[in-house]
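The values are calculated or read from the model by the stated rules, or taken from the named source; none is laboratory data. Keep in mind it's a predicted model, so treat the numbers as computed, not measured. Glycine also receives a Cβ, built like all others from the backbone with ideal geometry; neighbour counts cover every protein chain displayed.
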Amino acid sequence: MSFADSKPKLRMLEPLPINHEGKNLVVLRDPTRLSDKSLTVSPAAYWITTLLNGEISMKELHEKFKQQFNTEIPLGDIESLVGLLDKSFFIDNENFESYKNYITFLFHGETVRKSALAGTSYPKDKDEISKELDGYLDGHDSPAKAPFAIVAPHIDLQVGGSTFGPAYAAIKNSQAETFLILAIGHTLSGDFFACIDKDFETPLGTTETDSGFLKNLREDFKEPIFENAFAHKDEHSAEFQVLFLQKLFEERKQPFKIVPILLSFPENIDEIDHPLFNLKRVERFAKALKKNVDAMGDRISIIAGIDLSHVGKRFGQLEGATKSLRKNVEKDDREVLSLLANNDKDGYIRLMKKINQKNHICGFPAMYLLFDLLDGKKGELLGYSQNVEGDNDSMVSFAAMAF
């Protein structure tokens, strides 16, 4: 088949508009981090990528470009662009599948889940990141009796550090032996949850995963639980929590363990008829999880690593994150947090069905399970923040709570 007749399909990418030396450009990157490459293209080239849906031939795209921009470009230029996308593993084809299978094979062969964010989202140097974390934790109260559970952000540390701080300072005096981390699987698609049987490594050291807890969870759930472990490979929502725990308890004589679980299912899970994504199965998993949490008593503590609303241009709202939109989102966010603090799960579900198509609260599934695990414990809001990107282009909100 000639290139003109081919119909390449672009993988789901994250486009980031930038301005470089007065020129508007778009940076394309893989939100799943399967590929660590990025590609900077012109707005016209980006327009071409949006039509790479596996259904339109390059000959047809060439003609559409002429109609759209009232100018013609050589078909070879389009071929070069597709070639660059392919080399970056951005095209859904055999080249990408071969690459994915290779890195999946390597990951499953490793005994430790290595840091995916050190050197990019936070310093790779141990002393540097230790000092940075100290700055986030300093000045916040640490009650003598640590709360049973906290909510902390999972946004980048430089953005959310001041909100991570009060959440983790609250558990500084915790004597828990195991920390259950309910995090969000941003790339999880094969199931609604992903457990992992690997220890976690960061520049601050290696933390053991509680294999005994996971063994019991597997027995009570009566299904395999490590089938989607690969979703943890580059996921930041759990890694940031492990990093803070390592810093918080670096001088502890008795090492702590972790149980990181990634979650991903929508607010209308009760309306979905699917072999894996269905309410009955979610509730069965939650019941098995609660049984094992209850069995550990004071020896376990819970961390929900979540962000709240995602609004603006990056998330499909063309008007951007306007001041009025941000005000309305904060009202919704605070109502969500109030329902969580007061253990009103039914009210939470009703509200999320009402607002989440526009607010995109990614923390929904972790909060959903947290309700059951809290067992009636009340929550206190420790901090709330909104991070606005660009010229009010987009906004992500996040909070800290203690229960």
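Tell me, which residue of the stretch 25-67 that is assigned to a loop (DSSP other than H, G, I, E, B) and polar (S, T, N, Q) is farthest from N101 (Cα to Cα)?
Taking the candidates together, the pick is S42.
Answer yes or no as to whether A295 is modelled with pLDDT of 95 or more and of a type in the set (A, V, I, L, M).
So A295 passes the test.
Would the stretch 334-347 turn up any residue that is part of a loop (DSSP other than H, G, I, E, B) and under 17 Å from G383 (Cβ atoms)?
No, the stretch 334-347 contains no residue that is part of a loop (DSSP other than H, G, I, E, B) and under 17 Å from G383 (Cβ atoms).
Among the residues of the stretch 309-318, are any touching a Gly at 6+ places or on another chain (Cβ under 7 Å) and surrounded by 14 or more Cβ atoms within 10 Å (Cβ to Cβ)?
yes
Counting only residues that are part of a helix (DSSP H, G or I) and touching a strand residue (DSSP E or B) at 6+ places or on another chain (Cβ under 8 Å), which one in the stretch 197-217 is surrounded by the fewest Cβ atoms within 10 Å (Cβ to Cβ)?
Checking each candidate, the answer is L214.
Do we find that I18 is of a type in the set (V, I, T) and out of contact with any strand residue (DSSP E or B) (no Cβ under 8 Å at 6 or more places or on another chain) in this structure?
no
What residue, among those in the stretch 92-137 that are part of a strand (DSSP E or B) and of a type outside the set (A, V, I, L, M, F, W, C), is farthest from I155 (Cα to Cα)?
R113
Do you know which of the residues in the stretch 353-401 that are touching a residue at least 24 places away in the same chain (Cβ under 8 Å) and of a type in the set (V, I, T) is surrounded by the most Cβ atoms within 10 Å (Cβ to Cβ)?
V396
Assigned by TED's automatic domain parsing to the domain that holds L308 and at pLDDT 95 or above: does that describe E267?
In short, yes.
Among what's in the stretch 34-46 and is touching a residue at least 12 places away in the same chain (Cβ under 8 Å), surrounded by fewer than 16 Cβ atoms within 10 Å (Cβ to Cβ) and not β-branched (V, I, T), pick the residue that is nearest to N392 (Cα to Cα).
P43
In the stretch 112-121, how many are farther than 16 Å from F200 by Cα and either in contact with a Pro (Cβ under 8 Å, 6 or more places away or on another chain) or β-branched (V, I, T) (or both)?
Final tally of qualifying residues: 1.
Of all residues in the stretch 143-164, how many are crowded, with 22+ Cβ neighbours inside 10 Å, outside any loop (DSSP other than H, G, I, E, B) and of a type in the set (V, I, T)?
Number satisfying all stated conditions: 3.
Could you say whether any residue in the stretch 252-269 is closer than 28 Å to P31 by Cα, outside any strand (DSSP E or B) and among the hydroxyl-bearing types (S, T, Y)?
Scanning the stretch 252-269, I find at least one residue that is closer than 28 Å to P31 by Cα, outside any strand (DSSP E or B) and among the hydroxyl-bearing types (S, T, Y), so the answer is yes.
With the requirement that a residue be surrounded by fewer than 10 Cβ atoms within 10 Å (Cβ to Cβ) and not in a strand (DSSP E or B), what does the stretch 8-24 give you?
Across the stretch 8-24, the qualifying residues are E21, G22.
Residues F364, F315: which one is modelled with pLDDT of 95 or more and closer than 22 Å to E14 by Cα?
Just a single option satisfies the conditions, and that option is F364.
Could you list, in sequence order, all residues of the stretch 165-196 that are within 18 Å of A116 (Cβ to Cβ) and either surrounded by 24 or more Cβ atoms within 10 Å (Cβ to Cβ) or modelled with pLDDT of 95 or more (or both)?
Within the stretch 165-196, I181, A183, I184, G185, A194, C195, I196 qualify.
I'd like the full set of residues that are under 17 Å from D36 (Cα atoms) and either touching a residue at least 40 places away in the same chain (Cβ under 8 Å) or of a type in the set (D, E) (or both), limited to the stretch 114-123.
K114, S115, A116, L117, A118, S121, Y122 - these are the residues of the stretch 114-123 that are under 17 Å from D36 (Cα atoms) and either touching a residue at least 40 places away in the same chain (Cβ under 8 Å) or of a type in the set (D, E) (or both).
Please go through (1) touching a helix residue (DSSP H, G or I) at 6+ places or on another chain (Cβ under 8 Å); (2) surrounded by 19 or more Cβ atoms within 10 Å (Cβ to Cβ); (3) not β-branched (V, I, T) for D220 and return the number of the only condition it doesn't satisfy.
Evaluating D220 over (1) touching a helix residue (DSSP H, G or I) at 6+ places or on another chain (Cβ under 8 Å); (2) surrounded by 19 or more Cβ atoms within 10 Å (Cβ to Cβ); (3) not β-branched (V, I, T) leaves (2) as the failure.
Provide a single number: the residues in the stretch 243-288 that are more than 26 Å from V336 (Cβ to Cβ) and loosely packed, with under 13 Cβ neighbours inside 10 Å.
Qualifying residue count for the region: 8.
Going by what's in this entry, would K87 be described as surrounded by fewer than 14 Cβ atoms within 10 Å (Cβ to Cβ) and either assigned by TED's automatic domain parsing to the domain that holds K172 or modelled with pLDDT of 95 or more (or both)?
yes
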